[in-house]
Amino acid sequence: MRPFDYRRAADQTEALSIAGAGPARYLGGGTNLVDLMRQNIEAPAALVDVSRLPGTIADTPNGGLMIGAAVRNNVVAAHPAVRTRYPMLSRAILAGASAQIRNMATVGGNILQRTRCAYFYDAAGSCCNKREPGAGCDAIDGFNRYHAIFGASEHCIATHPSDMCVALAALGATVHLAGAAGERSVPLLDFHRLPGDHPEIETVLRPGELITAIELASSPAAANSRYRKVRDRSSYAFALVSVAAGVEVAAGKIADVRIALGGVAPKPWRATTAEGVLRGQAPTKARFLAAADAELAAAKSFEGNAFKIELAKRTIVAVLGELTGADA
């Protein structure tokens, strides 16, 4: 048993005050952090329970949506505004876990969940730089079927596990934060860090900072969107490859397109190269193939995951075809 302090915050001010008094971790639904503590991966000295902080979903003045960090995942997925204006987000959340877990998990916690790499979880027998900096990465020469083809480094090839974050990346979401120095906002695409030389540092969060909300802008592409997850089994498995995409077609041309990939990188991967190939072009299968080829040209596979490159290409093409009705 490892002792730790536990306090439940009545409001955001109290949560920040407790965390500012000494090293502490915020506890939302606990669907990831509690598992990590049980597995002896993390051993926080103190937990600040923020699960009872008020969480709301509200329209913003510019036609977007503000989603509180304490809102449960299932509440987000079922919200009428999310289902109609951001369907890729609703579908991504529903693809992510069992109903029981979605009823517990919070938006803030989902964003902060850590990799499900088997070597990361094997504290007793495997080397992992993310868990123990300088120890090495057993995944590079080991079982790497589920690992990254983008954004990896010689120190870590683990992938980010969140489905929800893939949709948020495609939607260009903004993460709102509060801390001792005040409030700030960070684009979700900049919130998660690539491993580089320090895979143990996964986000740009400062000590004691709390995620308070996620903001979504309004766009026609967001309203015409899909999320597709390819996995080894149809229920409760993490993605081999996933695609979140939204397309706006006007006058026979692609006016706007948003594409993000999951299961392929240490963070949600925005497919900006593919988007650039598609904007201003007619929505055809040939153009979708060209965009997918351009995006995946920079992919670097390992012994066990080379199949992900072709799988990602085919999934991108299939989702874009679904959205535009362009099958030939």
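Let me check against my output: what whole-number percent is the relative contact order of region 1-54, with C-alpha pairs under 8 Å and at least 6 apart?
This gives 54 percent for region 1-54.
Give, in nm to one decimal, the length gained when the segment between Glu132 and Ala237 is fully stretched (0.36 nm per residue of separation minus the Cα-Cα distance).
Going from the current span to full extension adds 35.2 nm.
Residues in region 1-30 near a label at Asp49, defined as backbone nitrogen under 12 Å from the 7 Å Cα→Cβ point?
Label zone hits: 6-10, 27-30.
Please check the chain for the longest run free of chymotrypsin sites (Phe, Trp or Tyr not before Pro) that are loop-located per DSSP (anything but H, G, I, E, B) and have at most 13 other Cβ atoms within 10 Å.
Counting only loop sites that pass the neighbour cut-off, the longest clear stretch is 5-235.
Going 7 Å from the Cα of Thr13 in the Cα-to-Cβ direction, what parts of region 199-239 have a backbone nitrogen less than 20 Å from that spot?
Correct set: 208-213.
Please give me, ordered by residue number, the trypsin sites (Lys or Arg not before Pro) of region 1-80 that lie in loop per DSSP and have at most 13 other Cβ atoms within 10 Å.
The qualifying sites are Arg52.
Where the accessible area of region 175-228 is counted over protein heavy atoms with a 1.4 Å probe, how much of it, in %, is carbon and sulfur?
Its accessible area is 51 percent carbon and sulfur atoms.
Of all the accessible heavy-atom surface of region 5-51, with the other protein chains kept in place and a 1.4 Å probe, what percent is carbon and sulfur?
45
At 222 nm, what helix-only mean residue ellipticity would the chain give, in deg cm²/dmol to the nearest 500, using -39500 (n - 2.57) for each DSSP H run of four or more?
-8000 deg cm²/dmol
List the relative contact order of the chain as a percent without decimals, with contacts defined as Cα pairs under 8 Å and 6+ residues apart.
Value for the chain: 16 percent.
Over region 206-322, with a single point scatterer placed on each C-alpha, what log10 of the ratio I(q)/I(0) does the Debye formula yield at q = 0.19 1/Å?
Cα-only, vacuum Debye calculation for region 206-322: -1.01.
If Glu209, Glu310 are ordered by their accessible area, calculated over protein heavy atoms with a 1.4 Å probe, which sequence runs from highest to lowest?
Descending accessible area places them as Glu310, Glu209.
For the chain, set up a Gaussian network in which alpha carbons nearer than 10 Å are linked by springs, and say which option among Ala99, Ala291, Ala152 fluctuates the most.
Ala99
For Asn40 and Leu194, compute 0.36 nm times the residue count separating them, minus their Cα-Cα distance, and round to one decimal in nm.
53.0 nm
Across region 54-328, how many lysine pairs, 8 or more positions apart or on different chains, have C-alpha atoms separated by under 24 Å? Please give the number.
17
If I stretch the segment between Met66 and Ala217 completely, what's the gain in nm (0.36 nm per residue apart, minus their alpha carbon distance), one decimal?
53.5 nm
Search the structure for amide H atoms under 5 Å from the amide H of Ala123, placed 1.01 Å from N in the peptide plane, and list their residues when 5 or more places away or on another chain.
Long-range HN contacts for Ala123: none found.
Starting from the amide H of Asn224, placed 1.01 Å from N in the peptide plane, find each other amide H under 5 Å away whose residue is 5 or more places distant or on another chain.
Amide H neighbours of Asn224: Val247.
I'd like to verify something in the chain: which complete DSSP H helices, judged by Cα projection on the helix axis, reach 24 Å or more and average at least -0.5 on the Kyte-Doolittle scale?
Result, helices passing both filters: 307-324.
In whole Å and largest first, what semi-axes does the C-alpha gyration tensor of the chain yield when each eigenvalue is scaled by 5 and square-rooted?
Each semi-axis is √(5λ); the values are 32, 25, 16 Å.
Which value, in Å², gives the accessible area per residue of the chain when a 1.4 Å probe is used on the protein heavy atoms?
44
The values are calculated or read from the model by the stated rules, or taken from the named source; none is laboratory data. The structure displayed is predicted, hence computed values, not measured ones. Note that each Cβ is placed from the backbone with ideal geometry, even for glycine, and that neighbours are counted across all protein chains shown. Side chains included, ligands, DNA and RNA excluded: accessible areas come from the protein's heavy atoms. Shrake-Rupley method; radii C 1.70, N 1.55, O 1.52, S 1.80 Å.
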